[in-house]
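Enquirer: Dropping a structure here in structure tokens format, bear with me for questions.
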Amino acid sequence: MPLNLVLIADTHVPKRARSLPEQVWQAVEEADVVFHAGDWVEAALLDGFERRSKRLLGVYGNNDGPELRRRLPETTTATLEGVRFAMVHETGQAKGRELRCDALYPDADVLVFGHSHIPWDTVSPNGLRLLNPGSPTDRRRQRACTFMEAVVDAGRLATVRLVEVHRS
């Protein structure tokens, strides 16, 4: 049976946005599994994700303080329908990222990461799919705020879609 995923990073609530847009909360509530790749900023947002997600996988980021670091790991892994996922907040500079991540995550099929607020979707020489969903609240140099939706089906990552967040 297909699994619907939502990939999010760099929410920065309430520093860069007072709250998460309703479009994002709706996607979180509809997903089978939600990945959050760090920079939550306040534990209240983690609490909200825990309440509203069917299943939540999260890591802390460089802007997350002691309480979030106590509650979340720096990296995490999960196997979903045969697809091996890893997640971390930072992967370093873009140059050399695929080779670096091949070495750091040899047992993963997909690596979810954040930090840059820049959407990223590439495949490493060893076949590792690298996904950064951007930020749903702080677009930085991007045209729009974003997150990703994905589907795992029949033991593979079947689809990945970058979703623009609509300002209300």
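The values are calculated or read from the model by the stated rules, or taken from the named source; none is laboratory data. Nothing here was measured: the structure is a model prediction, and the numbers come from that model. Here the Cβ positions follow ideal geometry from the backbone for every residue, glycine too, while neighbour counts run over all protein chains shown.
Enquirer: Taking segment 82-94 only, how many residues are at pLDDT 95 or above and either over 18 Å from HIS115 (Cβ atoms) or in a loop (DSSP other than H, G, I, E, B) (or both)?
Expert: Number of matching residues: 6.
Enquirer: With the condition kept exactly as written, say whether any residue in segment 137-146 is of a type in the set (A, V, I, L, M, F, W, C), out of contact with any Lys or Arg (no Cβ under 8 Å at 6 or more places or on another chain) and in contact (Cβ under 8 Å) with a residue 60 or more places away in the chain.
Expert: Within segment 137-146, none of the residues are of a type in the set (A, V, I, L, M, F, W, C), out of contact with any Lys or Arg (no Cβ under 8 Å at 6 or more places or on another chain) and in contact (Cβ under 8 Å) with a residue 60 or more places away in the chain.
For (1) part of a helix (DSSP H, G or I); (2) within 13 Å of the chain's Cα centre (by Cα); (3) buried (at least 16 other Cβ atoms within 10 Å of the Cβ); (4) β-branched (Val, Ile, Thr), each residue gets a yes or a no:
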| residue | (1), (2), (3), (4) |
| --- | --- |
| THR77 | no, yes, no, yes |
| ILE118 | no, yes, yes, yes |
| PRO125 | no, no, no, no |
| VAL163 | no, yes, yes, yes |
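Enquirer: Scan segment 96-119 residue by residue and report those that are out of contact with any Pro (no Cβ under 8 Å at 6 or more places or on another chain) and within 23 Å of ASP138 (Cα to Cα).
Expert: ARG97, LEU111, PHE113, HIS115, SER116, HIS117, ILE118
Enquirer: If only one of SER168, SER116 is within 27 Å of HIS12 (Cβ to Cβ), touching a strand residue (DSSP E or B) at 6+ places or on another chain (Cβ under 7 Å) and modelled with pLDDT under 95, which one is it?
Expert: SER116
Enquirer: I'm told PHE49 meets every condition in (1) within 17 Å of GLU149 (Cα to Cα); (2) touching a residue at least 24 places away in the same chain (Cβ under 8 Å) except one. Can you identify the failing condition by its number?
Expert: The one condition PHE49 does not meet is (2).
Enquirer: Same structure, new question: Does ALA158 satisfy the condition of being closer than 26 Å to HIS12 by Cβ and among the hydrophobic types (A, V, I, L, M, F, W, C)?
Expert: Considered against the rule, which asks whether it is closer than 26 Å to HIS12 by Cβ and among the hydrophobic types (A, V, I, L, M, F, W, C), ALA158 comes out as no.
Enquirer: In segment 1-29, what residues are under 20 Å from VAL110 (Cβ atoms) and either more than 16 Å from the chain's Cα centre (by Cα) or of a type outside the set (Asp, Glu) (or both)?
Expert: The answer is MET1, PRO2, LEU3, ASN4, LEU5, VAL6, LEU7, ILE8, ALA9, ALA27, VAL28.
Enquirer: Could you check MET148 against (1) in contact with a helix residue (DSSP H, G or I) (Cβ under 7 Å, 6 or more places away or on another chain); (2) part of a strand (DSSP E or B) and say which number it fails?
Expert: Condition (1) is where MET148 drops out.
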